[in-house]
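Below: one structure, written as structure tokens.
The values are calculated or read from the model by the stated rules, or taken from the named source; none is laboratory data. Treat the numbers as computed from the prediction; the structure is a model and nothing was measured. Don't worry about glycine lacking a Cβ; one is built from the backbone with ideal geometry, like all the others, and counts go over all protein chains shown. Heads up: the accessible areas ignore ligands, DNA and RNA and are worked out on the full protein's heavy atoms, side chains in. Shrake-Rupley method; radii C 1.70, N 1.55, O 1.52, S 1.80 Å.
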Amino acid sequence: MKQKIRKYCFPLGISAAALVLLLVAVFAVFLFKKEQQPPTLRVGVAVYSQEDTFIHSLVQDFEQMAHQRESEEGIRINLNIVDAKSSQLIQNEQIEQLISLDYDVLCVNIVDRTAAASLIDWASEAGIPVVFFNRQPVREDLLRWENAYYVGAPAEQSGILQGQIALELWQNEREQVDRNGDGILQYVILEGEPGHQDTLIRTEKCVQVLTDAGIRAEKLVSDSANWSREQAAVKTTQWWADYGAEIEVVFANNDDMALGVLDALSELGAEEPYPIIIGVDATREALEAVQSGKMSGTVLNDGTGIAQALLELSLSLYQGENPAGRVDLEDGHYIWLPYRQVTQKELPGDGS
Ligand code: GAL
Ligand code: CA
């Protein structure tokens, strides 16, 4: 029997000592390889809804940039993207899970802005920095912990830029804008989700720009379409039946809703020129609509800049650096990415 085993185990005539040496060598190589593995930054990215056009492309940018930076920084960057499907309960569970898995940084696009305090407390107990983005917690909540941050675009600026686009058209192309010639600008507003800072502030500011400039403006109707193209199309169909050609300007809190207006108008066979339609985000499809003249303008919401800032902040927190060395930190907690106006004249290839 012994003979048999010997024959079976050492068919090449390797002695037991040599075998031990071989095993030790294999183990050493294994350990060495493990040592050689670059460190890994693990970021949990919790988004309110992956179906949202703007958030979807922001996350894509984040993934692409992280991939590109891996080789430059000599570390691995692992983004775990989780989708709350618009439920704060689901998001809470996802955050708890990411915390229990000891992620290095949490980037949170919170569903319900008023739920930030508990998330910040959980993160601080676990010692994991938390970076909110695009959906802004109130200031008192963010100041609960030194490692809570917000990366976003200043809502007020987007509303002002929308108002300025309308103002300029009113001043320079009055005949076309003031369809009924009564010297009053009749407008409607398609609002985003109720309670979202961008909904509240864009809605207020776009009109304030007009009234501050001494223009008489009359609201025909406004309602929420929850950032959704489909919901905006349904609302527009209704409004077109109620007000039709009286509508001179449509302020949409985002581009998807502005595109929903176009969908409805084309479905209804409405005659061109359409009323002035102004959105926010500068999504690819909205830029095409601006280029073709169907939309009068939009406002660039810098999702790429937000993604870049999330990456820089995550890297510096992971490496234990002071984030202010890599990003522009305001009040130790805020990173702001400016908005930009986009009308035909800002688009390339317009020849002006
Ligand atoms: C806004 C954006 C909307 C929507 C929303 C989600 O900034 O304009 O299109 O993406 O954020 O929070
Ligand atoms: Ca009018």
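For region 276-288, the tally of residues that are away from ligand 1 (no atom under 15 Å from the Cβ) and surrounded by fewer than 23 Cβ atoms within 10 Å (Cβ to Cβ) stands at 1. Does Asp52 qualify as being in contact (Cβ under 8 Å) with a residue 24 or more places away in the chain, open to solvent by 40 Å² or more (accessible area, probe 1.4 Å) and of a type in the set (Asp, Glu)? So Asp52 fails the test. For Ala264, the criteria (1) part of a loop (DSSP other than H, G, I, E, B); (2) more than 19 Å from the chain's Cα centre (by Cα) hold in every case but one, which is (1). Gln164 falls short on exactly one of the conditions (1) out of contact with any helix residue (DSSP H, G or I) (no Cβ under 8 Å at 6 or more places or on another chain); (2) away from ligand 1 (no atom under 16 Å from the Cβ); (3) within 27 Å of Tyr274 (Cα to Cα), and that condition is (1).
Among the residues making up region 269-284, those that are more than 16 Å from ligand 2 (Cβ to nearest atom) and either without any contact (Cβ under 8 Å) to a residue 24 or more places away in the chain or out of contact with any helix residue (DSSP H, G or I) (no Cβ under 6 Å at 6 or more places or on another chain) (or both) are Gly269, Ala270, Glu271, Glu272, Ala282, Arg284. Screening region 179-204 for residues that are more than 16 Å from ligand 2 (Cβ to nearest atom) and small (Gly, Ala, Ser) and picking the one that is nearest to Met295 (Cα to Cα) gives Gly192.
Only one entry in Val221, Val207 is within 28 Å of Tyr150 (Cβ to Cβ), within 16 Å of ligand 2 (Cβ to nearest atom) and hydrophobic (A, V, I, L, M, F, W, C), namely Val207. On inspection, Asn78 qualifies as in contact with a Lys or Arg (Cβ under 6 Å, 6 or more places away or on another chain) and either of a type outside the set (Asp, Glu) or farther than 20 Å from Gln60 by Cα (or both). Among the residues of region 169-178, not a single one is touching a Phe, Trp or Tyr at 6+ places or on another chain (Cβ under 9 Å), assigned by TED's automatic domain parsing to the domain that holds Ala252 and more than 16 Å from ligand 2 (Cβ to nearest atom).
Pairs meeting the criteria (first residue in region 331-351 and open to solvent by 60 Å² or more (accessible area, probe 1.4 Å), second residue part of a strand (DSSP E or B), beta carbons under 6 Å, at least 6 apart or on different chains) are Arg340/Leu300.
Yes/no matrix, rows are residues, columns are (1) within 13 Å of ligand 1 (Cβ to nearest atom); (2) of a type in the set (Val, Ile, Thr); (3) more than 29 Å from the chain's Cα centre (by Cα):
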site	(1), (2), (3)
Asp212	no, no, yes
Ile215	no, yes, yes
Glu218	no, no, yes
Val221	no, yes, no
Asn226	yes, no, no
Arg229	yes, no, no
Val234	no, yes, no
Asp242	no, no, yes
Ile247	no, yes, yes
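Taken over region 294-352, the residue count meeting the criterion of being more than 21 Å from the chain's Cα centre (by Cα), closer than 24 Å to Glu272 by Cα and aliphatic (A, V, I, L, M) is 2. In the condition set (1) assigned to a helix (DSSP H, G or I); (2) hydrophobic (A, V, I, L, M, F, W, C); (3) under 18 Å from Tyr339 (Cβ atoms), Trp122 is compliant with all but (3).
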